[in-house]
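J.: First the structure, which I've put down as structure tokens, then a few questions once you've had a look.
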Amino acid sequence: MIFKIYICIGITIFTLSVNAQKVDKLKPIKSVSVKIPEPSDICYDSKTDTFFIVSDTGVLYETDKDFNVLKKQVQKGTDFEAVASDGSFVYAVDESNRTIYKYDSKTFKLIKSTVIPYDGARNKGYESFDFNKTTNKFALLTESNPVLLFELDTEFKITNQTDLSSMASDISSARFYDGFLWLLSDEDMMLLKVNPQTYDVIKKWSLPVINPEGLAFDKEGNIVISCDDMQRVYYFNNPEKK
């Protein structure tokens, strides 16, 4: 009897483990070519009903929903890898110089720039950035080796850090949406839904696109992925929206 109980427990644990590791595959519903070189990150702002996109060449763009460029701002000597917006300000993160640039979203006037020191190679710096409404902190993530999430207050002071290296080979974009933190892995071609407080992975999906670097959610809640080398944007139905 005891032996049978152990077998049942073992089967249950194995089943739970298999289910926890299950990764569903998302299929794009459409893709759009964009006239923006190396679009490394993208975000949607519901207040302006526009997208903000940053390029490896150090340019911040605002586009309409069809990705026609409305305006742009060049920041010389930078390598923008992350972008976030709150309706009033747009934040662009320079990976190489470890700097967060804060712009007025209407004029693209530079409000301030803040250096967040980090050791490591120039191309292994900050890759992802967004505001976590659950913790009321900014989330700033390094790309890989290791993947570190830094929590920043509104003055961009580091208040905590968490090592997320075990969840993915790299993290190329982060977005807070619908009460959760969503992370994108370029190397693993994977989307992750994460608990915004504990940073435990809730669900994973594989993405059949090359070089997925930017992550956004549009007005309808669709998943929008920008691909750096391909200069394309892919749309996916949000599997969490019923």
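The values are calculated or read from the model by the stated rules, or taken from the named source; none is laboratory data. Model, not experiment: these values are computed from the prediction. Cβ placement follows ideal geometry from the backbone for every residue including glycine, while neighbour counts extend to all protein chains displayed.
J.: Those residues that are surrounded by 17 or more Cβ atoms within 10 Å (Cβ to Cβ) and out of contact with any Leu (no Cβ under 8 Å at 6 or more places or on another chain), I need them from the stretch 157-172; list them, please.
T.: If we filter the stretch 157-172 for residues that are surrounded by 17 or more Cβ atoms within 10 Å (Cβ to Cβ), which is where we start, we get 164, 167-168, 170-172.
If the condition is that a residue be surrounded by 17 or more Cβ atoms within 10 Å (Cβ to Cβ) and out of contact with any Leu (no Cβ under 8 Å at 6 or more places or on another chain), then Asp170 is the only one that fits.
J.: Can you tell me which residue in the stretch 58-82 is nearest to the chain's Cα centre (by Cα), limited to those that are assigned to a loop (DSSP other than H, G, I, E, B) and surrounded by 15 or more Cβ atoms within 10 Å (Cβ to Cβ)? Working first, answer last.
T.: Step one: filter the stretch 58-82 for residues assigned to a loop (DSSP other than H, G, I, E, B), giving 58, 64-68, 75-79.
Retained after the next criterion (residues that are surrounded by 15 or more Cβ atoms within 10 Å (Cβ to Cβ)): 58, 67, 75, 78-79.
On the way: Gly58: 18, Phe67: 19, Gln75: 21, Thr78: 19, Asp79: 16 Å.
The extreme case among them is Asp79.
J.: Moving on. Could you check how many residues of the stretch 195-207 are among the hydroxyl-bearing types (Ser, Thr, Tyr) and not in a loop (DSSP other than H, G, I, E, B)?
T.: Going residue by residue through the stretch 195-207, those that are among the hydroxyl-bearing types (Ser, Thr, Tyr) are 198-199, 206.
Filter once more, so that each one left must be not in a loop (DSSP other than H, G, I, E, B): 206.
Summing the residues that are among the hydroxyl-bearing types (Ser, Thr, Tyr) and not in a loop (DSSP other than H, G, I, E, B) in the stretch 195-207 gives 1.
J.: Does any residue of the stretch 129-148 turn out to be over 28 Å from Thr48 (Cα atoms), modelled with pLDDT of 95 or more and among the aliphatic types (A, V, I, L, M)?
T.: Checked the stretch 129-148: at least one residue is over 28 Å from Thr48 (Cα atoms), modelled with pLDDT of 95 or more and among the aliphatic types (A, V, I, L, M).
Matching residues to (1) within 16 Å of the chain's Cα centre (by Cα); (2) touching a residue at least 24 places away in the same chain (Cβ under 8 Å):
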site: Phe156; (1), (2): no, yes
site: Phe176; (1), (2): yes, yes
site: Trp205; (1), (2): yes, yes
site: Pro212; (1), (2): yes, yes
site: Met230; (1), (2): no, no
site: Val233; (1), (2): yes, yes
site: Pro239; (1), (2): no, yes
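J.: If we keep just the residues of the stretch 144-156 that are among the polar types (S, T, N, Q) and touching a Ser or Thr at 6+ places or on another chain (Cβ under 9 Å), which is surrounded by the fewest Cβ atoms within 10 Å (Cβ to Cβ)? Break it down into steps so the answer makes sense when it comes.
T.: Pass one, the stretch 144-156, residues among the polar types (S, T, N, Q): 144-145, 154.
Imposing the further condition that a residue be touching a Ser or Thr at 6+ places or on another chain (Cβ under 9 Å) reduces the set to 144-145.
Numbers: Ser144: 20, Asn145: 12.
Among those that are among the polar types (S, T, N, Q) and touching a Ser or Thr at 6+ places or on another chain (Cβ under 9 Å), it is Asn145.
J.: If the Cβ limit is 8 Å and pairs must be 6+ apart or interchain, which residue in the stretch 27-46 that is under 16 Å from Glu220 (Cβ atoms) and of a type in the set (Lys, Arg) pairs with which residue that is at pLDDT 95 or above and assigned to a strand (DSSP E or B)?
T.: Lys30/Tyr234; Lys30/Tyr235
J.: Can you tell me how many residues in the stretch 25-49 are of a type in the set (Val, Ile, Thr) and surrounded by 19 or more Cβ atoms within 10 Å (Cβ to Cβ)? Before you say what the answer is, go through the steps one by one.
T.: Filtering the stretch 25-49 down to residues of a type in the set (Val, Ile, Thr) leaves 29, 32, 34, 36, 42, 48.
Adding the requirement that they be surrounded by 19 or more Cβ atoms within 10 Å (Cβ to Cβ) leaves 34, 36, 42.
Number of matching residues: 3.
J.: Anything in the stretch 98-122 that is at pLDDT below 95 and either within 18 Å of the chain's Cα centre (by Cα) or part of a loop (DSSP other than H, G, I, E, B) (or both)? List them, or say none. Before the answer, list the steps.
T.: Residues of the stretch 98-122 that are at pLDDT below 95, as a first pass: 119-122.
Scanning the stretch 98-122 gives Asp119, Gly120, Ala121.
J.: Ile210 fails exactly one of the following numbered conditions: (1) in contact with a Cys (Cβ under 8 Å, 6 or more places away or on another chain); (2) in a strand (DSSP E or B). What is the number of that condition?
T.: (2)
J.: Note down all Cβ pairs under 9 Å where the first residue falls in the stretch 63-91 and is more than 24 Å from Glu143 (Cβ to Cβ) and in contact (Cβ under 8 Å) with a residue 60 or more places away in the chain, the second is surrounded by 20 or more Cβ atoms within 10 Å (Cβ to Cβ) and among the aliphatic types (A, V, I, L, M), and they're at least six residues apart or on different chains.
T.: Phe67/Val34; Phe67/Ile36; Phe67/Ile53; Phe67/Val233
J.: Scan the stretch 87-105 and tell me whether some residue there is of a type in the set (D, E, K, R) and crowded, with 22+ Cβ neighbours inside 10 Å.
T.: Within the stretch 87-105, the first condition is being of a type in the set (D, E, K, R), and the residues that meet it are 94-95, 98, 102, 104.
Adding the requirement that they be crowded, with 22+ Cβ neighbours inside 10 Å leaves 94-95.
Yes - at least one qualifying residue is present in the stretch 87-105.
J.: Quick check on Ile29: is it of a type in the set (A, V, I, L, M), at pLDDT 95 or above, farther than 16 Å from Glu213 by Cα and not in a loop (DSSP other than H, G, I, E, B)?
T.: Working: of a type in the set (A, V, I, L, M): yes; at pLDDT 95 or above: yes; farther than 16 Å from Glu213 by Cα: yes; not in a loop (DSSP other than H, G, I, E, B): yes.
Here the answer is yes, as Ile29 does meet what is asked.
J.: I need the full set of residues from the stretch 105-117 which are out of contact with any Leu (no Cβ under 8 Å at 6 or more places or on another chain) and over 14 Å from Phe80 (Cβ atoms), in order please. Quick ask: steps written out before the conclusion?
T.: So in the stretch 105-117, the residues out of contact with any Leu (no Cβ under 8 Å at 6 or more places or on another chain) come out as 105-107, 109-115, 117.
Correct list: Ser105, Lys106, Thr107, Lys109, Ile111, Lys112, Thr114, Val115, Pro117.
J.: So which residues in the stretch 84-97 are assigned to a loop (DSSP other than H, G, I, E, B) and among the acidic types (Asp, Glu)? So that I can check it myself, show each step before the final result.
T.: The first filter runs over the stretch 84-97 and keeps only residues assigned to a loop (DSSP other than H, G, I, E, B), leaving 86-88, 95-97.
Asp86, Glu95 - these are the residues of the stretch 84-97 that are assigned to a loop (DSSP other than H, G, I, E, B) and among the acidic types (Asp, Glu).
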